[in-house]
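Report on one structure; see the data block that follows.
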Amino acid sequence: MANEYTYHNFIWKGIFGNINTNRIYPRFKKGEQFTSGFFSITHNCVALPNYTIKNSETKLYLSIKDIGEGFEFTSNWIATKMKGAFLETIFDDIVHQNKIENEYINWRGTLFRSLLEIKEKATDLKLVKSSENKIEFSFKVHLSQLQATFEPVEFLDPKFIVELTNKSPKEVYLIGVDYLDIDDKKCIGVLKTILEEIPFAGLIIGIAYFNEGKSELSNQYILNALKEIEEIDFEDKFIGLIAEIIATNELNLGIADDRTIRMFFDVLSLNQSGSALIKLSYLILSRNLKHLKAFALENVSIATDFNLKEESEFKKVAGFHIICSVLLWNDKFDEVEEYHSYFLNENNDFIKYHFEQVESYIILALAKNNLNFISNLILDFPHLKNRASGLFNAWSFNNDEIRNKNWSNLNLHNFGKIIKAREQYCD
């Protein structure tokens, strides 16, 4: 069965946010050489409704399906009459007439460029506009069209490369390390020039790729380096850092298993990393390891103080999403209410761009069926009632003592989510 990522009746801004924060592509596990190409074509696909959609509240359907050697994109939305007609015109110009000159400005120019960039990579492009101005758009794209040619060393100035050749490998290593966390691409490019002479540089390259969000390449360089330098003694703090990066990469790539959990345990035995405590707790929760439920609770209790001191506001908010989810799993309703405002408040980037994670938290809360907690949730964060109305309606409908209930398909779908969570996470 094909792996499919689907948005149904979503406001386009929520999808756009998930694209920008790379929440979609990792689910397909296709390899990081296709990441930037996937980002580009998905961005362009969502740009079409962005510039033609009827209004900001109009819902968009988007499906991205893994078809083996590529992806199949399908979307539909209601456009304005004028903009829908313009999209039809440029579709005919670009797809059927092979027009490439962009003679438009403002939103028309952006729309033309987005569609042209899709056409340059995709096949089987189809666009149909109904009499009600509903747009149906689809295409397929082969992985070869998404292949990235990025190689950090290509970004180095030729004069700089010549300068490096006049230095010893140790000097080049120190230059590369100085760029770590400051300019990670340059760090990678510099250290790749001395990788054969100094295998240890592979660890630093792996850390730099981790900073760049490239989990697969990060683990590749770290694991290769560790094979070469096993005889070197590391400080416990550095071992803990490398182990946490490897385990986090596996978590990001969706390949976390029991070994990943053991690795996080090893990290905690070396140094009590607040981020490792949170990530391990997330693994225990997501895999529903009931025998470690109390341990996860102990972890987040310790991690709370670490997370409060987190300098990155986004990491702090994301951390509290995990902490509160574990607390909720353990029925710590009063403690949850102390911290869930970090990610439930209406104006924060996490709820804007990662509402799926917020929705999973709401599902768990509804599954717990604590009337006082759910009432407070609705009163304290009224915007959630609108954003997740289907879930709240399904929960409320189920709790009403009404005979001969008329369940809609949407209610049944959302009610199924609540029941599944109740079976998994409620004792």
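Given the rule -39500 (n - 2.57) for each run of at least 4 DSSP H residues, summed and divided by the residues of the chain, what is its mean residue ellipticity at 222 nm, to the nearest 500 deg cm²/dmol?
Numbers: 22 runs with 257 residues, N = 427.
Per the formula, -18500 deg cm²/dmol.
What pairs in 214/279; 290/385; 30/170 have C-alpha atoms more than 27 Å from each other? Each step should come with its number before you reach the end.
Numbers: 214/279 18 Å; 290/385 30 Å; 30/170 36 Å.
As for pairs spanning more than 27 Å Cα to Cα, those are 290/385; 30/170.
If you take the square roots of the eigenvalues of the alpha-carbon gyration tensor of segment 270-371 and sort them as a ≥ b ≥ c, do you get rounded (a/c under 1.5), prolate (a/b over b/c) or oblate?
Here segment 270-371 falls in the oblate category.
So what is the relative contact order of the chain, in percent, for Cα pairs below 8 Å that sit 6 or more residues apart? Each step should come with its number before you reach the end.
Numbers: 547 pairs, mean separation 43.7, N = 427.
Taking the mean separation of contacting Cα pairs over the length of the chain, I get 10 percent.
Computing the accessible area with a 1.4 Å probe over protein heavy atoms, can you report the carbon and sulfur percentage for segment 44-86?
Numbers: 850 of 1690 Å².
Here it works out to 50 percent.
Taking the full set of protein chains and a 1.4 angstrom probe, give the accessible area of residue 65 in square angstrom, rounded to the nearest 10.
So the heavy atoms of residue 65 present about 70 Å² to solvent.
Between segment 181-227 and segment 274-320, how far is it from one alpha carbon centroid to the other, in angstrom?
Segment 181-227 and segment 274-320 have Cα centres separated by 28 Å.
Listed highest first by mean packing, meaning other Cβ atoms within 10 Å per residue, what order do 90-102, 185-197 come in?
185-197, 90-102
Could you sort 290, 54 by their accessible area in this structure, using a 1.4 Å probe and putting the largest first?
Largest accessible area first, the list is 54, 290.
The values are calculated or read from the model by the stated rules, or taken from the named source; none is laboratory data. Everything numeric here is computed off the predicted structure, so don't read it as measured data. As a convention, Cβ positions derive from the backbone with ideal geometry for all residues, glycine included, and neighbour counts pool all protein chains shown. The protein model used for the area step is the full one, side chains on, heavy atoms only, and it has no ligands, DNA or RNA in it. Shrake-Rupley method; radii C 1.70, N 1.55, O 1.52, S 1.80 Å.
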